[in-house]
1. Taking loop as defined by DSSP and a crowding limit of 10 other beta carbons within 10 Å, which GluC sites (Glu not before Pro) in region B:1-93 fit?
2. List the pair-distance distribution P(r) of region B:120-226, using every Cα-Cα distance, as the percent of pairs falling in each 10 Å bin from 0 up to the bin containing the longest distance, rounded to whole percents.
3. Pairwise over distinct Cα atoms, reciprocal of the mean inverse distance: report the Kirkwood radius of region A:1-147 in Å, one decimal place.
4. Which of rounded, prolate, oblate describes region A:68-113, given a ≥ b ≥ c as roots of the alpha-carbon gyration tensor eigenvalues and a/c under 1.5 marking rounded, otherwise prolate only if a/b is larger than b/c?
5. Take the Cα radius of gyration of region B:47-180 and divide it by 2.2 N^0.38 Å, with N its residue count; two decimals is plenty.
6. Using alpha carbons only, how many degrees (0 to 90, rounded to 10) separate the axis of helix A:364-378 from the longest principal axis of chain A?
7. For region B:281-336, what is the largest minus smallest coordinate of the Cα atoms on each principal axis, given in angstrom and ordered from greatest to least?
8. With a cut-off of 8 Å between alpha carbons and a minimum separation of six or more residues, what is the relative contact order of region A:191-297 in percent?
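The values are calculated or read from the model by the stated rules, or taken from the named source; none is laboratory data. These figures come from a predicted structure and were not determined experimentally. Glycine also receives a Cβ, built like all others from the backbone with ideal geometry; neighbour counts cover every protein chain displayed. Please note that ligands, DNA and RNA were not included when accessible areas were found on the heavy atoms of the full protein model with its side chains. Shrake-Rupley method; radii C 1.70, N 1.55, O 1.52, S 1.80 Å.
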Amino acid sequence: MDHLLAARLQMAVSLGFHILFAVAGMAMPLLMVLAELRHRKTGDVVFRDLARRWSKGTAILFAVGAVSGTVLSFELGLLWPRFMEHAGPLIGMPFSLEGFAFFLEAIALGIYLYGWDRVSPAVHLASGAVVALSGLASGIFVVAVNAWMNTPRGFRLDAEGRPVDVDLWQAFFTPAFPTQAAHMAVAAYTSVAFAVLGIHAFRLLRDPANAFHRAAIAVVFPLALVSAPLQALTGDAAAKHLAAQQPLKLAAAESLFRTEAGAPLLIGGWPDLAQERVHGGLHVPKLLSVLATKDPNGVVRGLADFPREDWPPVPIVHVAFQVMVGCGSVLMLVALWGAFLAVRRRRAADHPMFLRALVSCGPLGLIALEAGWIVTEVGRQPFIIQGVMRVRDAVTPMPGVWVSFAVTSLIYLALGSIVLVLLRRHVLSAP
Amino acid sequence: MNEIDPFARALWLVLGFGLCLYALTGGADLGAGFLSLTARGPKRREQRATIEHAIAPIWEANHVWLIFVVVVMFSAFPRAFAVLSVAMHVPIALALIGVVLRGAALSFHAYGMEPSAARERWARIFAWSSAITPLFLGTVVGGVSTGHVRVQSGTVTTGFFAGWTTPFALLVGLLSLALFTLLAAVYLAAEAGAELEREFRKSAFLAEIVGAVLAFAAFFRSRYDAPQLFAKLIGSSWSLPLQLATAGFAVLTLLLLARGQPRYARFSVAVQVALVVVGWGLAMDGHFVVPDVTLANAGSRPEVLPALSIALACGSLLLLPALFYLYRVFKLKGRA
């Protein structure tokens with residue numbers, strides 16, 4: 001295994017670790033604000049206690065997210081100095097705006113976490129809203145950078161391959177940006193909502209009358225109910241975008257080797273690169289064409305249309321895509337089940353089967369989130385800037401990246417385990 | 001030399017401003033961690049508690065200045081960022097380990113979800129990692145000033161240990177730690193109760209003395225390790241007044257502390273440390289990495305710079321009042 005692989009793995013570990021904390025920083029503040037609003041409306045102190053306990057857990061997640069995000073901002077240069085040299089000016093705008101959003105988030109979070117007794121209730125609630133909004137904004141800005149890497153715009157390459165005639169707006173609002181940002185923002189809420197629901201449902205199964213955990217489910221479930229279907233809608237838009245603008249990524253995700261009119265949707269299966277065919281799996285006739293082009297006989301481009309050296313690692317992208325769609329579908333079904341229970345005027349909290357389903361769905365959102373990032377990142381390989389710069393041309397000349405990869409992984413493994421232990425203790429100590 | 005874009009100059013100032021504020025705020029938080037390591041005597045527990053209480057609500061916001069500096073640097077001066085990332089890879093990576101560990105350990109400790117025995121461990125990790133971070137960040141600052149790092153047609157040719165391993169860079173690392181500790185001790189003296197105030201005042205005096213010794217040592221050592229910087233410090237018209245002013249504010253800080261007015265000493269020590277950063281910035285004379293990476297040749301595409309400047313200006317309109325409010329809530333009002 002080589003130098004480049006070590007750098008790629010270190011980046012993958014760093015991003016995969018950070019993203020879990022980043023989405024918590026985006027979605028938890030919204031939940032805390034919703035709980036605090038309920039408290040103000042109903043006067044029921046259980047909602048205030050809920051906001052306080054959530055804020056304590058969030059504080060740890062946010063701290064780990066802040067420091068792992070700092071590592072990433074440096075790692076872009078430490079691992080990919082050539083990339084930053086070329087792309088710095090083009091992605092500087094969204095990154096700068098992200099910097100400000102993150103600044104506001106950190107400031108408002110400080111006030112929210114430590115200001116319960118120092119500022120008025122209205123200011124406290126407002127600071128929570130600022131955390132939620134700036135968290136959302138910073139997530140969207142970071143995705144703008146990634147969208148630019150997927151569909152780079154806003155420049156022209158000169159004779160030496162350097163970007164010139166830079167147009168920052170075009171570099172900001174790239175074709176991939178709207179769908180990717182929407183899909184990611186919704187994913188933050190979906191994954192965190194289901195993780196939180198899983199935790200409280202778990203406690204509720206053991207202690208069905210517990211008002212605290214009932215209140216938690218009452219606050220979180222509506223968010224999950226809205227976000228899970230939105231996840232599918234934004235995902236559908238993302239698939240149409242891929243078909244039009246990143247056909248190779250879609251072909252890899254669906255293991256579609258040959259260009260087809262009326263292409264079937266493949267569920268499961270294993271792509272065989274040597275024979276260029278798929279083993280096993282379920283083919284749903286014409287569905288891929290419908291999803292990608294809105295036309296049952298629409299043409300979807302296959303891998304064979306592209307030079308082999310530009311193919312991403314098809315099996316990884318394919319499996320990650322299946323996992324993402326699979327988890328997302330389960331979450332949507334569970335959300336609809338909950339809606340059905342609500343319509344029938346049955347309390348979800350009194351339905352053990354449903355609570356058990358929520359418990360098993362707890363990790364699915366986060367798994368789908370990671371899988372989605374694998375689709376978009378591994379699906380862009382071997383390019384770091386699609387069609388412009390290959391990953392191998394961007395990597396640092398620094399030898400011994402294996403060492404920093406090993407150290408990074410060990411530290412993150414340790415931190416991750418500690419966070420889990422602390423959160424577990426925090427959850428178990430809840431009323 | 002090429003003509004320097006006026007927006008590049010403005011962004012260079014913004015970068016310096018960000019660096020100063022990181023030193024004055026995030027740096028002080030690092031220094032506070034080091035103080036919790038050196039806390040001795042019967043009141044060490046109270047000292048540590050005061051430190052944690054003081055930095056917990058604000059450290060994340062303070063820390064963002066470091067991200068701010070990085071982002072402005074790679075947006076406005078991508079070549080400088082690329083060179084720095086390669087030549088200073090090792091000390092930056094080591095400083096980052098410190099950054100990660102201290103942030104995580106502080107939150108694990110501060111939010112008190114563990115029994116006290118395990119919490120002690122986090123306190124120690126927090127303290128140690130707070131101490132190593134400024135050391136390595138300082139060696140980066142020292143390293144880019146030496147002139148040992150050379151760049152040919154965009155590629156670093158001097159390997160991964162040039163510059164930052166010189167005695168001068170090491171002295172700058174120690175000096176950074178001393179100055180951050182000084183800031184922390186003065187800020188804490190202003191926030192602590194009467195008894196602890198004396199402890200922090202003692203630490204501040206000690207840090208001021210150690211800092212002065214290290215500053216002189218670094219200055220004399222720069223003659224050998226960083227000759228271009230030394231020449232600027234010796235030969236520039238701004239140099240002597242600036243150094244006298246720095247020394248003046250150092251004395252003022254000590255006087256205010258001795259007279260039991262740490263609330264005012266906070267401002268004079270901040271000016272003192274800011275002047276040190278400004279002095280270094282001036283002595284760098286438009287270089288990011290002496291001698292090959294300069295303001296004139298590291299700048300981004302000229303069409304990017306005005307928009308970036310405008311974005312930063314607009315962002316600051318939101319940011320600065322918010323920061324001021326944060327400090328007003330937690331630092332300027334009395335203790336809750």
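1. Hits after loop and neighbour filter: B:E3.
2. 16, 33, 29, 15, 6, 1
3. Kirkwood radius, region A:1-147: 16.5 Å.
4. oblate
5. My calculation over the Cα atoms of region B:47-180 gives 1.21.
6. 20 degrees
7. 52, 28, 12
8. 19 percent.
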